[in-house]
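Student: Below is a structure I'd like to ask you about.
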Number of protein chains: 2
Amino acid sequence: MEKRSGEEVKGVTVSNKQVILREYVSEFPREDDMEVRREEMKLEVPPGSNAVLVKNLYLSCDPYMRLLMSPALPNSLFSSYTPRSPITGFGVAKIVDSGSPEFKVGDLVWGTTAWEEYSLIADPRGLFKIDHTDVPLSYYTGILGMPGMTAYFGFYEVCSPKKGEHVFVSAASGAVGQLVGQFAKLMGCHVVGSAGSKEKVDLLKTKFGFDDAFNYKEEHDLNAALKRYFPEGIDIYFENVGGKMLDAVLLNMRVRGRIAACGMISQYNRNPPEGVTNLMHIVYGRVRIEGFAVFDYFDQYSKFLDFVLPHIREGKIVYIEDVAEGLEKGPSALVGLFSGRNVGKQVVAVARE
Amino acid sequence: MEKRSGEEVKGVTVSNKQVILREYVSEFPREDDMEVRREEMKLEVPPGSNAVLVKNLYLSCDPYMRLLMSPALPNSLFSSYTPRSPITGFGVAKIVDSGSPEFKVGDLVWGTTAWEEYSLIADPRGLFKIDHTDVPLSYYTGILGMPGMTAYFGFYEVCSPKKGEHVFVSAASGAVGQLVGQFAKLMGCHVVGSAGSKEKVDLLKTKFGFDDAFNYKEEHDLNAALKRYFPEGIDIYFENVGGKMLDAVLLNMRVRGRIAACGMISQYNRNPPEGVTNLMHIVYGRVRIEGFAVFDYFDQYSKFLDFVLPHIREGKIVYIEDVAEGLEKGPSALVGLFSGRNVGKQVVAVARE
């Protein structure tokens, strides 16, 4: 019989450690914009509800979380955090109690949870059950979770790639970028990435198989840098950073080039954002820029897993994580994203089992 | 037997009036950036060549011509004008002499010609023969020519419109905008246009059948204006102006909205262009921005004519021109585009027959 490892805690009352947002953030987030507190919690779902109660194992640090730290968000894609409440994000968790017929105690899941040791998830329909545990569980915050799907659908669906095309990836050593580059290589593209340190640039070239890479912090003229790495221009740009980099890329797009706009991390801490001046190059080059949201592809998760799991098992795709140990390290790990302190996907390990 | 009305001039030498560009322009073009001069020309194609010699009847003033007045153009879509030579553009002309088996003396054509009374066109493969003369010949500089195809393919192909969608058109009373609005109404969309005077706004509402229209010069807050006219947001934006208008539109796009980038007339006289700050809204709304070039659709001209000619004949599409009489008026007519002086499509009538 299967071990139901959540059962030993179900029903007890714990002092639940949480990371809360103190108040809304206007520029760069700082560690002390958040605080760690404890709150009593009985590990039980309300009787008659559909909720699940989970023990959080790994939490994911993702750039979009900065957007939720601001009060006004433009539309329904996200909703802002509530000050004095735990922040939310993607994570891997284990079911401790369940009012849902879909999940039983001991099940491993990934999806949206809160930054705390235990979370009550009122609507568990957004959770994915984890069926494959021969890979590290933390991978479900990254390569096997939301960032992995972002890279996969963003590249294969939004970029419409063809063999031999020239692909540029910014924030290339991050959770999404490292995968986009590898997917592009699998497709037979020529791939160049940008990142913010020598260590990351080396990783891109030696570990992730990028054809070339550069440190954008050492290039005072991004247009010149791109012309050096793409003398014939860029067919596909996987946009993770926005601002000056996008402006330089627009000057280097080939005719009928495609830009998949995944995010613009360089702009999240600026109000107003930097102006992009070279948009007329969209017309010159008949370029397509398309924003996308990974949520729109969540119903294709199994198709994604069928592709990516064998590649991981056979070592054809590699993946690097930067794991912070303990929920207390969460705020520092999260704000580190915006100065590029992390090397690889930033994860917070809350508990191992 | 058909009248071959070019024959009376073929072979003679004329003093050919021309509009030349004095030198490259850096900001707003002025009338005196061009000058009218005369040059002797024998009305005969070089023996053994494929060229045609035409008498120009109507010349088209189009915003893209400003781009050709600058020295450096980014790619192969256009090439810059040559200072001290006649400027070029679209026009309607009559064949006076022909070395091409495709064209005979007296044929009416439209396509790229030069701003002069007579032009030698070395490669006539880009010319379209005019077969339907029950509509005004000048229409082939607009609704039946390049701007008409721009509106048609830009709207039907690039915007992917659906019945009931909310469409915004900037520079809406211009050659392209007035047609996009009418195509959108034929498709059952809700259409609002912006233009730069009360007269133009009235035209949009009373003549072209836009559901509503506003004078952008009277709106100090374009975002607020768009929210007033599109309380539920914009599905399709046909982009003719760029800059501040695009920035405000980005704040008002609906989820999966589409922006067809046809041109950005507000930016052609600025160096550098205005910065657009709201591009992150492409991600929030999964918006697609796509640049296009009408040249890519020129092989579908007959499909376009089959659609638009019956609509003109039956009065289901109306069309307004602003005709300047005489080549001497050309420079003033052309620079007037950039201050919005024209009402409707700006044409220069060089000769009537």
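The values are calculated or read from the model by the stated rules, or taken from the named source; none is laboratory data. Since the model is a prediction, treat every value here as computed from it, not as a measurement. Cβ coordinates were reconstructed from backbone atoms using ideal geometry, including for glycine residues, and neighbour counts include every protein chain displayed.
Student: Do we have any residue at all in region A:216-233 that's of a type outside the set (Phe, Trp, Tyr) and at the interface with chain B (Cβ under 9 Å from one of its Cβ atoms)? So that I can check it myself, show each step before the final result.
Tutor: Initially, region A:216-233 is screened for residues of a type outside the set (Phe, Trp, Tyr), giving A:217-228, A:231-233.
Now narrow it down to the ones that are at the interface with chain B (Cβ under 9 Å from one of its Cβ atoms): A:233.
Looking for residues that are of a type outside the set (Phe, Trp, Tyr) and at the interface with chain B (Cβ under 9 Å from one of its Cβ atoms), one finds at least one in region A:216-233, hence yes.
Student: Against the condition without any contact (Cβ under 8 Å) to a residue 60 or more places away in the chain, out of contact with any helix residue (DSSP H, G or I) (no Cβ under 6 Å at 6 or more places or on another chain) and either outside the structural domain of B:TYR64 (by TED's automatic domain parsing) or on the phi > 0 side of the Ramachandran plot (or both), how does B:GLY275 come out, does it pass? Before the answer, list the steps.
Tutor: Numbers: without any contact (Cβ under 8 Å) to a residue 60 or more places away in the chain: yes; out of contact with any helix residue (DSSP H, G or I) (no Cβ under 6 Å at 6 or more places or on another chain): yes; either outside the structural domain of B:TYR64 (by TED's automatic domain parsing) or on the phi > 0 side of the Ramachandran plot (or both): yes.
When the stated conditions are applied, B:GLY275 passes them.
Student: While we're looking at this one, here's another question. If we scan region B:238-250, do we find a residue that is basic (Lys, Arg), out of contact with any Cys (no Cβ under 7 Å at 6 or more places or on another chain) and surrounded by fewer than 24 Cβ atoms within 10 Å (Cβ to Cβ)? Let's see the steps before the verdict.
Tutor: We begin by selecting, within region B:238-250, every residue basic (Lys, Arg); these are B:244.
With out of contact with any Cys (no Cβ under 7 Å at 6 or more places or on another chain) added as a condition, the list becomes B:244.
The next check asks that each one be surrounded by fewer than 24 Cβ atoms within 10 Å (Cβ to Cβ); those that pass are B:244.
There is at least one residue in region B:238-250 that is basic (Lys, Arg), out of contact with any Cys (no Cβ under 7 Å at 6 or more places or on another chain) and surrounded by fewer than 24 Cβ atoms within 10 Å (Cβ to Cβ).
Student: Which numbered condition trips up A:VAL241, out of (1) within 25 Å of A:GLU27 (Cα to Cα); (2) hydrophobic (A, V, I, L, M, F, W, C); (3) assigned to a helix (DSSP H, G or I); (4) within 12 Å of another protein chain (Cβ to nearest Cβ)?
Tutor: (3)
Student: Could I ask something else about it? Got a number for residues in region B:173-209 being buried (at least 24 other Cβ atoms within 10 Å of the Cβ) and more than 23 Å from B:THR141 (Cβ to Cβ)?
Tutor: So the count comes out to 3.
Here's the yes/no breakdown for (1) touching a Cys at 6+ places or on another chain (Cβ under 7 Å); (2) more than 7 Å from chain B (Cβ to nearest Cβ); (3) buried (at least 22 other Cβ atoms within 10 Å of the Cβ):
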residue	(1), (2), (3)
A:ALA261	no, no, yes
A:THR277	no, no, no
A:ILE289	no, no, yes
A:PHE298	no, yes, no
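Student: Can you pull out the strands (runs of 3 or more DSSP E) entirely within region A:55-145 that have at least 3 residues that are over 20 Å from A:TYR297 (Cα atoms)?
Tutor: Details: elements: A:88-98, A:108-114, A:118-121.
Output list reads A:88-98, A:118-121.
Student: Against the definition (without any contact (Cβ under 8 Å) to a residue 40 or more places away in the chain, assigned to a loop (DSSP other than H, G, I, E, B), away from chain B (no Cβ under 11 Å) and surrounded by fewer than 23 Cβ atoms within 10 Å (Cβ to Cβ)), how does A:SER49 come out, yes or no?
Tutor: On the way: without any contact (Cβ under 8 Å) to a residue 40 or more places away in the chain: no; assigned to a loop (DSSP other than H, G, I, E, B): yes; away from chain B (no Cβ under 11 Å): yes; surrounded by fewer than 23 Cβ atoms within 10 Å (Cβ to Cβ): yes.
No, not satisfied.
Student: Quick check on this structure: which one of B:GLY111, B:GLY106, B:GLY196 is more than 18 Å from B:CYS61 (Cβ to Cβ) and either among the hydroxyl-bearing types (Ser, Thr, Tyr) or in contact with a Gly (Cβ under 6 Å, 6 or more places away or on another chain) (or both)? Spell out the reasoning first.
Tutor: Details: B:GLY111 fails: more than 18 Å from B:CYS61 (Cβ to Cβ); B:GLY196 fails: more than 18 Å from B:CYS61 (Cβ to Cβ).
B:GLY106 is the lone residue from the list that is more than 18 Å from B:CYS61 (Cβ to Cβ) and either among the hydroxyl-bearing types (Ser, Thr, Tyr) or in contact with a Gly (Cβ under 6 Å, 6 or more places away or on another chain) (or both).
Student: Return the residues of region A:283-297 that are in a helix (DSSP H, G or I) and touching a strand residue (DSSP E or B) at 6+ places or on another chain (Cβ under 8 Å); say none if nothing qualifies. First the steps, then the outcome.
Tutor: If we filter region A:283-297 for residues that are in a helix (DSSP H, G or I), which is where we start, we get A:283-284, A:294-297.
Hits for region A:283-297 are A:VAL283, A:TYR284.
Student: List pairs: first residue in region B:216-229 and in the same structural domain as B:GLY243 (by TED's automatic domain parsing) and at pLDDT 95 or above, second residue of a type outside the set (S, T, N, Q) and in a loop (DSSP other than H, G, I, E, B) anywhere in the structure, Cβ distance under 8 angstrom, at least six positions apart or on different chains.
Tutor: Qualifying pairs under 8 Å: B:TYR216/B:GLY196; B:LYS217/B:GLY196; B:ASN223/B:LEU251; B:ALA225/B:GLU219; B:LEU226/B:LEU251.
Student: Moving to a separate point now. Within region B:230-266, can you find the residues that are under 23 Å from B:LEU334 (Cα atoms) and either without any contact (Cβ under 8 Å) to a residue 24 or more places away in the chain or out of contact with any Leu (no Cβ under 8 Å at 6 or more places or on another chain) (or both)?
Tutor: B:PHE238, B:ASN240, B:VAL241, B:GLY243, B:CYS262, B:GLY263, B:SER266
Student: I've got another one for you. Checking the structure you have, find out if any residue of region B:64-82 is touching a His at 6+ places or on another chain (Cβ under 7 Å), outside the structural domain of B:TYR268 (by TED's automatic domain parsing) and farther than 22 Å from B:SER339 by Cα.
Tutor: Step one: list which residues in region B:64-82 are touching a His at 6+ places or on another chain (Cβ under 7 Å), which gives B:74.
Subset that is outside the structural domain of B:TYR268 (by TED's automatic domain parsing): B:74.
Narrowing further to those that are farther than 22 Å from B:SER339 by Cα: B:74.
The answer is yes, given that some residue of region B:64-82 is touching a His at 6+ places or on another chain (Cβ under 7 Å), outside the structural domain of B:TYR268 (by TED's automatic domain parsing) and farther than 22 Å from B:SER339 by Cα.
Student: From the list B:VAL347, B:VAL343, exactly one residue is within 25 Å of B:SER197 (Cβ to Cβ) and either in a strand (DSSP E or B) or not assigned by TED's automatic domain parsing to the domain that holds B:LEU67 (or both). Which is it?
Tutor: On the way: B:VAL343 fails: either in a strand (DSSP E or B) or not assigned by TED's automatic domain parsing to the domain that holds B:LEU67 (or both).
Within the list B:VAL347, B:VAL343, the selection yields B:VAL347.
Student: Just checking, does region A:31-53 include any residue being polar (S, T, N, Q) and in contact with a strand residue (DSSP E or B) (Cβ under 8 Å, 6 or more places away or on another chain)? Lay out the reasoning, then the answer.
Tutor: Our first condition is that a residue be polar (S, T, N, Q); within region A:31-53, this holds for A:49-50.
So of that shortlist, the ones also in contact with a strand residue (DSSP E or B) (Cβ under 8 Å, 6 or more places away or on another chain) come out as none.
Checking region A:31-53: not a single residue is polar (S, T, N, Q) and in contact with a strand residue (DSSP E or B) (Cβ under 8 Å, 6 or more places away or on another chain).
Student: Please state which one of A:THR88, A:THR82, A:THR113 is surrounded by fewer than 23 Cβ atoms within 10 Å (Cβ to Cβ), under 26 Å from A:ASP322 (Cβ atoms), β-branched (Val, Ile, Thr) and more than 14 Å from chain B (Cβ to nearest Cβ). Steps first, answer last, please.
Tutor: Details: A:THR82 fails: under 26 Å from A:ASP322 (Cβ atoms); A:THR113 fails: surrounded by fewer than 23 Cβ atoms within 10 Å (Cβ to Cβ).
Only one candidate passes the filter, namely A:THR88.
Student: Can you tell me which residue among B:LEU73, B:LEU68, B:LEU108 is within 14 Å of another protein chain (Cβ to nearest Cβ), surrounded by 18 or more Cβ atoms within 10 Å (Cβ to Cβ) and free of Cβ contacts under 8 Å to residues at least 60 places away in the same chain?
Tutor: Only one candidate passes the filter, namely B:LEU68.
Student: Look at region B:248-259 and say how many of its residues are within 9 Å of chain A (Cβ to nearest Cβ) and part of a loop (DSSP other than H, G, I, E, B).
Tutor: Adding up the residues that qualify gives 1.
Student: Can you tell me how many residues within region A:43-74 are among the small types (Gly, Ala, Ser), at pLDDT 95 or above and within 20 Å of the chain's Cα centre (by Cα)?
Tutor: Residues meeting the conditions: 1.
Student: So, in region A:264-275, of the ones that are surrounded by fewer than 24 Cβ atoms within 10 Å (Cβ to Cβ) and part of a loop (DSSP other than H, G, I, E, B), which residue ends up farthest from the other protein chains (Cβ to nearest Cβ)?
Tutor: A:ASN269
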